[in-house]
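**Student:** Following this message is one structure expressed as structure tokens.
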Amino acid sequence: MGTFAPSPTETDATRLTDSHGRVIHDLRVSITDRCNYKCVYCRTGEHGAQFAELKIEEYLRLISLFVSLGITKVRLTGGEPLLRRGLIELVQQLARMRTSYGDPLSLALTTNGHLLDGLAQPLKDAGLHRVTVSMDAVEEPTFERITRVPGSFQAVLRGVRAAQAAGLTPVKINCVLLRGFNDDQVEGFAEFARRENVIVRFIEFMPLEEDRLWSPQIVVSLREIVDRINRVIPLVELPPNDPGETARRYTFADGRGEIGIIAPVTQAFCGACSRVRLTSDGKIRTCLFSQAEHDLYGRLRAGEGDAALREYITRTVDGKEARHHIGEPGFLKPSRSMVHIGG
Ligand code: SAM
């Protein structure tokens, strides 16, 4: 397989922007729609995966086009990306790519962590920088009621520790809170963040699931999470790492540990959004809640050259939605759930 470095003519600094003046530098790529978990807030497990996957070379070609246009950060996701054959080779090739500014790409991956114990070091050696592990409870029975997979809690814990040992740091933990399922885990997660030296990020539940579970009442809000942790261990708000930061960050009053809260429902951050997504079947999604997908791969298959594909990406990103409309009258759920879109 060749190296997918942008050609010399592509190294001029470029910026991918949308019509609302946002600079888009963050690409999330789903590399499979298969998953070995059936998290209650994501997939039923009944519809099965569509096995809508491209070849590793095809993802590389599409990603290199985005990178030549100004993307500086790539996050691999799914489905479950660790299930994807060819992942290590993909990471190796991405680690060789240079941004249009001549720097290495920032490379991250989001995983359920089930297979991370064996893959953390190979991924680090391949050039991955960081992982985010999804973990929705710190107590085994609650965890496995959510994943619906026996033995998953211990596997993920081993995965988190392997990622720490391999230096895929800072390790972040994504936790989706659902009232009545795991909202009793909030305080336990604050302790966990401090004990395991990980950054725990609570994510408000979004209406993107296959089961029809979502309602405003089931969402645990940023305000409630902060108030509850504050009662146990006082929190101090931290400044954002960068203007596009989606999480509100907090440390504890003694300075040990960090948590973040991503509040797309109660405190939407669309104005600072710097992301676009590529689905596992090669479609561009300009918002998690887009009603339209843009078939980039179809154009590649039809033989369009790099210039035409770049022009298509630029035009599509320009049309990125101003914001989502969760909770508003007439809100429409996207036709595909998170497992297909790529979280
Ligand atoms: N399988 C990997 C994992 O478990 O992290 C990657 C894919 S998963 C779809 C990516 C992220 O989306 C996970 O952190 C998951 O918790 C989050 N997610 C899935 N459905 C969600 C929903 N309805 N609301 C909020 N976050 C969700």
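**Student:** Select from the range 263-291 the residues that are more than 30 Å from Asn197 (Cα to Cα), of a type outside the set (Val, Ile, Thr) and either open to solvent by 50 Å² or more (accessible area, probe 1.4 Å) or not in a loop (DSSP other than H, G, I, E, B) (or both) and list them in ascending order.
**Tutor:** Result: Gly271, Leu278, Lys283, Arg285, Gln291.
**Student:** Residues in the range 86-113 that are open to solvent by 10 Å² or more (accessible area, probe 1.4 Å), farther than 24 Å from Arg158 by Cα and not in a helix (DSSP H, G or I): how many?
**Tutor:** 6
**Student:** Tally time: how many residues in the range 253-262 are surrounded by 20 or more Cβ atoms within 10 Å (Cβ to Cβ) and in a loop (DSSP other than H, G, I, E, B)?
**Tutor:** 1
**Student:** Determine, yes or no, whether Ala108 is touching a residue at least 24 places away in the same chain (Cβ under 8 Å) and more than 14 Å from the ligand (Cβ to nearest atom).
**Tutor:** Working: touching a residue at least 24 places away in the same chain (Cβ under 8 Å): yes; more than 14 Å from the ligand (Cβ to nearest atom): no.
Taking the combined requirement at face value, the residue does not satisfy it.
**Student:** Something else now. Across the range 181-200, what is the total count of residues that are assigned to a loop (DSSP other than H, G, I, E, B) and within 15 Å of the ligand (Cβ to nearest atom)?
**Tutor:** Of the residues in the range 181-200, the ones assigned to a loop (DSSP other than H, G, I, E, B) are 181-182, 197-198.
From the residues that got through so far, the ones that are within 15 Å of the ligand (Cβ to nearest atom) too are 181-182, 198.
So the count comes out to 3.
**Student:** Restricting to the range 29-42, name every residue that is assigned to a loop (DSSP other than H, G, I, E, B) and either more than 8 Å from the ligand (Cβ to nearest atom) or aliphatic (A, V, I, L, M) (or both). Break it down into steps so the answer makes sense when it comes.
**Tutor:** Keep residues of the range 29-42 that are assigned to a loop (DSSP other than H, G, I, E, B), which gives 31-42.
Result: Ile31, Thr32, Asp33, Arg34, Asn36, Lys38, Val40.
**Student:** Report, by residue number, each residue of the range 328-343 that is in a loop (DSSP other than H, G, I, E, B) and near the ligand (Cβ under 8 Å from one of its atoms).
**Tutor:** Listed by number, the residues that qualify are Ser337, Gly342, Gly343.
**Student:** Among the residues of the range 141-180 satisfying the criterion of being in a loop (DSSP other than H, G, I, E, B) and among the hydrophobic types (A, V, I, L, M, F, W, C), which is surrounded by the fewest Cβ atoms within 10 Å (Cβ to Cβ)?
**Tutor:** The residue in question is Val149.
**Student:** Go through (1) under 25 Å from Gly305 (Cβ atoms); (2) modelled with pLDDT under 95; (3) among the aliphatic types (A, V, I, L, M) one by one and return the number of the condition Val40 breaks.
**Tutor:** Result: Val40 fails condition (1) only.
**Student:** To continue, here is another question. If a residue must be open to solvent by less than 30 Å² (accessible area, probe 1.4 Å), within 30 Å of Pro207 (Cβ to Cβ), assigned to a helix (DSSP H, G or I) and not β-branched (Val, Ile, Thr), how many such residues does the range 299-327 contain? Working first, answer last.
**Tutor:** Step one: filter the range 299-327 for residues open to solvent by less than 30 Å² (accessible area, probe 1.4 Å), giving 300, 309, 312-313, 316-317, 320, 324, 326.
Then keep just the ones that are within 30 Å of Pro207 (Cβ to Cβ); that gives 312-313, 316-317, 320, 324, 326.
From what's left, assigned to a helix (DSSP H, G or I): 312-313, 316-317.
Filter once more, so that each one left must be not β-branched (Val, Ile, Thr): 312.
Selection size over the range 299-327: 1.
**Student:** Output the residues belonging to the range 201-235 that are part of a strand (DSSP E or B) and more than 12 Å from the ligand (Cβ to nearest atom).
**Tutor:** Selection gives Leu235 alone.
**Student:** Related question: Which of the residues spanning the range 67-85 are of a type outside the set (A, V, I, L, M, F, W, C) and either open to solvent by 10 Å² or more (accessible area, probe 1.4 Å) or free of Cβ contacts under 8 Å to residues at least 12 places away in the same chain (or both)?
**Tutor:** Keep residues of the range 67-85 that are of a type outside the set (A, V, I, L, M, F, W, C), which gives 68, 70, 72-73, 75, 77-81, 84-85.
Listed by number, the residues that qualify are Thr72, Lys73, Arg75, Gly79, Arg84, Arg85.
The values are calculated or read from the model by the stated rules, or taken from the named source; none is laboratory data. Bear in mind the structure is a predicted one, so any value in this text is a computation, not a measurement. A quick note on method: Cβ atoms are made from the backbone with ideal geometry, for glycine too, and the neighbour counts reach across all protein chains shown. Just the protein is used for accessible areas: all its heavy atoms, side chains included, with ligands, DNA and RNA removed. Shrake-Rupley method; radii C 1.70, N 1.55, O 1.52, S 1.80 Å.
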